[in-house]
Amino acid sequence: MPELQRLHARHGPAVLAFELANRAYFAASISDRGDEFYDQFTDRYSTLLTEQEAGVGAFYVLVAEDGSVLGRFNLYRFEDGTAELGYRVAQHVAGRGVATATVQELCRVAAARHGLRTLRAATASGNAASQKVLTKAGFVPIGPADPAHLGGKPGTWYQRDLAEGSQT
């Protein structure tokens, strides 16, 4: 059974393998991170861990029984009880409810562990799969997203209130 785990230094090699194995798949629906991301992965990964330790973000991985990473789920830009959600799942588990179930679990974790009251997520207009995940996880569209936030693509902001009565 896959397990949602808080990002740790030991996950580094598996996260890099996940990113490399799914690079073309991700680039089809979201902006490619570019070669620089992979060339500087170790430094960027260390920065994420430092940000997490400082409490400015919370980064999670969905880990399979064999230790491989099936997805990344990030909470960032914490401000006044609100954070942004970003996620990506491996191509071989896409379309199986993995992202939806994990986003729902992360909503519970965001409220219980991080004291968050609201999550926001932006998705590109052409990314129907992500829109479906967010809607099934209780998010509602709240307005247009700045294309600069989505790698130049037009999109929509979604939001979910994490108050007790609004959870799915």
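Of (1) touching a helix residue (DSSP H, G or I) at 6+ places or on another chain (Cβ under 7 Å); (2) among the polar types (S, T, N, Q); (3) closer than 21 Å to GLN104 by Cβ, ASN74 satisfies all except one. Which?
Going through the list (1) touching a helix residue (DSSP H, G or I) at 6+ places or on another chain (Cβ under 7 Å); (2) among the polar types (S, T, N, Q); (3) closer than 21 Å to GLN104 by Cβ, ASN74 breaks only (1).
Residue-by-condition table, conditions (1) surrounded by 13 or more Cβ atoms within 10 Å (Cβ to Cβ); (2) in contact with a Ser or Thr (Cβ under 6 Å, 6 or more places away or on another chain):
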{"residue": "HIS114", "(1), (2)": "yes, no"}
{"residue": "ALA122", "(1), (2)": "yes, no"}
{"residue": "GLN131", "(1), (2)": "yes, yes"}
{"residue": "GLY138", "(1), (2)": "yes, yes"}
{"residue": "GLY143", "(1), (2)": "no, no"}
{"residue": "PRO147", "(1), (2)": "yes, no"}
{"residue": "GLY151", "(1), (2)": "yes, yes"}
{"residue": "LEU162", "(1), (2)": "yes, no"}
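Name the single residue, out of those in segment 122-168 being among the basic types (Lys, Arg) and at pLDDT 95 or above, that is farthest from THR82 (Cα to Cα).
In this case the residue turns out to be LYS132.
Could you please tell me which pairs satisfy a Cβ distance under 8 Å, a separation of 6+ or placement on different chains, a first residue in segment 88-99 that is within 9 Å of ALA129 (Cβ to Cβ) and touching a residue at least 60 places away in the same chain (Cβ under 8 Å), and a second residue that is of a type in the set (D, E, K, R) and buried (at least 18 other Cβ atoms within 10 Å of the Cβ)?
Hits for this filter: zero, empty list.
With the requirement that a residue be farther than 18 Å from ALA99 by Cα, touching a residue at least 12 places away in the same chain (Cβ under 8 Å) and not in a loop (DSSP other than H, G, I, E, B), what does segment 142-158 give you?
Within segment 142-158, ILE142, GLY143, PRO144, ALA145, HIS149, LEU150, GLY155, THR156 qualify.
Small (Gly, Ala, Ser), farther than 14 Å from LEU4 by Cβ and in contact (Cβ under 8 Å) with a residue 60 or more places away in the chain, is that true of SER130?
Considered against the rule, which asks whether it is small (Gly, Ala, Ser), farther than 14 Å from LEU4 by Cβ and in contact (Cβ under 8 Å) with a residue 60 or more places away in the chain, SER130 comes out as yes.
Checking ARG108 against (1) in contact (Cβ under 8 Å) with a residue 40 or more places away in the chain; (2) farther than 14 Å from ILE30 by Cα; (3) in contact with a Lys or Arg (Cβ under 7 Å, 6 or more places away or on another chain), only one condition comes out false. Which one?
(3)
Taking the criterion of being assigned to a loop (DSSP other than H, G, I, E, B), within 14 Å of the chain's Cα centre (by Cα) and surrounded by 13 or more Cβ atoms within 10 Å (Cβ to Cβ), would at least one residue in segment 69-90 satisfy it?
yes
Given the criterion at pLDDT 95 or above, within 17 Å of the chain's Cα centre (by Cα) and part of a helix (DSSP H, G or I), identify the matching residue among GLN5, GLN52.
GLN52
The values are calculated or read from the model by the stated rules, or taken from the named source; none is laboratory data. Everything numeric in this text was worked out from a predicted model, so none of it was measured. In this analysis, Cβ positions are derived from the backbone assuming ideal geometry, glycine residues included, and neighbour counts consider all displayed protein chains.
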